[in-house]
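Report on the structure given below.
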Amino acid sequence: MFRRLLQVSRGNSFFLFGARGTGKTTHIGQAFDPEASWYVDLLDPEAEDRYRRRPGLLESEVRALPASVQWILIDEVQRAPRLLDVVHRLIESTGKRFVLTGSSARKLRRGASNLLAGRAFVHNLFPLTVPELLDAFVLENALRWGTLPRIYSLASAEDKSAYLRAYALTYVKEEIAAEQIIRRLDPFREFLEVAAQSNGTIINYANIARDVAADPKTVVSYFSVLEDTLVGFHLSAYHRSIRKQQRANPKFYFFDIGVKRSLERTLEVPLRAGTYEFGKAFEHFVITQILHISRYRYPDWRLFYLQTGAGAEIDLVIERPGMPVALIEIKSSDRIDERDTRALEGFTGDFAHPLALCVSRDATRMQIGSVLCLHWRDALRELGLG
């Protein structure tokens, strides 16, 4: 059992969004006294059918609950989005509070674009992070299998591989096909593998469209589906001009390394330190850890990558309101020297007193010019994320 960083609201209704398998149901089950809460599971086909057909039934049932039941927990609410109208009325008229979990806000926005007009807060739950895992964390395992909670209850490599493969199939079957998000599934399946292979690179929509026999606009929509169903996120190009930010193509990262490796069918391929594949996996790990922990602790932070016209690049630029911009170069090496910091050093003069970090597996803390070189765990602490 892991103690999660997310602190949910105790005095207001809220949405809890997160991809499948991140532990939403477990989290709310631990957070709320079963004697003072009432639970609706829309993953149960009979319950889903009942509330889809008669959303008003929820109002009758809630009004019949004893006064001691203050919280109504509705799991996977996007499966019956018309319930939001009922929830809206009940929040206004009964004083009861609602927890509404979901693995996608896409369908909810179509049917209720205001998501209860601010009457419910919005929280997000991600795969497990290093501060949550504590002594259970092993870097090599995280790079190979990812950090979805279920992985840590499985003992064998075979079971972990089977779980991640089933996860990918379930995603297509239940999130995409069942919700009719994509009408033609075969190109989308092809796209998932290509998108996983392109993880962490600047998106070339035309090339991906050619690979999956689709047009570039369709590929753009496919990436939007991945983001809307919370299995990935875009990392925008940094520029002080918002107009120029929008012009440059983003990078895309899957929310979990294990899911990404499953989609690209490389679960059985070993990751060896010093190889290109290990370096990309380590970069993916560091960026997702920074993103997920900062979303819990510093929700106003914004993350970007930076690349010049000449090809020089910074892996991560973090805008931190009230604090200097953080510039981060990620190296998977366990030995760092001035060659690893040269590119980052060249950017520091373009920012006002930035925090420039070279993040690696080297345990030696060093200052090389204006760049502070830290082990990745120390870098998380330096950023206030450890």
When DSSP assigns beta bridges and you keep just the ones with both residues in the chain, what percent turn out antiparallel, to the nearest 5? 35
Please sort by residue number the trypsin sites (Lys or Arg not before Pro) in the stretch 27-113 whose DSSP state is loop and whose Cβ has at most 11 other Cβ atoms within 10 Å. none
Neighbour-limited loop hits for chymotrypsin sites (Phe, Trp or Tyr not before Pro), the stretch 39-90 (at most 12 other Cβ within 10 Å; DSSP other than H, G, I, E, B): none
Would you mind working out the accessible area per residue for the chain, using a 1.4 Å probe, and quoting it in Å²? 47
Quick one: length gained pulling residue 197 to residue 12 fully straight, 0.36 nm per residue minus the C-alpha distance? 62.5 nm
Within the stretch 5-40, what residues put their amide N at less than 16 Å from the label point 7 Å along the Cα-to-Cβ vector of residue 153? 20-31
What label, among (i) 47; (ii) 60; (iii) 25, belongs to percent of Cα pairs over 37 Å apart computed from the structure on display? (iii)
Check cross-link reach from residue 217 to the aspartates and glutamates: straight Cα distance under 20 Å, and skip same-chain residues fewer than eight apart. 186, 190, 193, 227, 228
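In the stretch 9-42, which trypsin sites (Lys or Arg not before Pro) are in a loop and have at most 16 other Cβ atoms within 10 Å, using DSSP for the loop call?
10
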At R0 = 56 Å, how high is the FRET efficiency between residue 378 and residue 92 if r is their beta carbon distance? Nearest 0.05 is fine. 0.70
Among the listed pairs 260/331; 24/96; 173/280; 24/260, which are separated by more than 24 Å between their Cα atoms? 173/280
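Using the Cβ atoms and a cut-off under 14 Å, what net charge is assigned to the surroundings of residue 135, where Lys and Arg are +1 and Asp and Glu are -1?
Local net charge: +1.
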How far apart, in nm, are the 7 Å Cα→Cβ label points at residue 190 and residue 215? 1.6
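The values are calculated or read from the model by the stated rules, or taken from the named source; none is laboratory data. Model, not experiment: these values are computed from the prediction. Counting neighbours? That spans all protein chains shown, and the Cβs are built from the backbone with ideal geometry, glycine included. Ligands, DNA and RNA are excluded from the accessible area calculation, which covers all protein heavy atoms including side chains. Shrake-Rupley method; radii C 1.70, N 1.55, O 1.52, S 1.80 Å.
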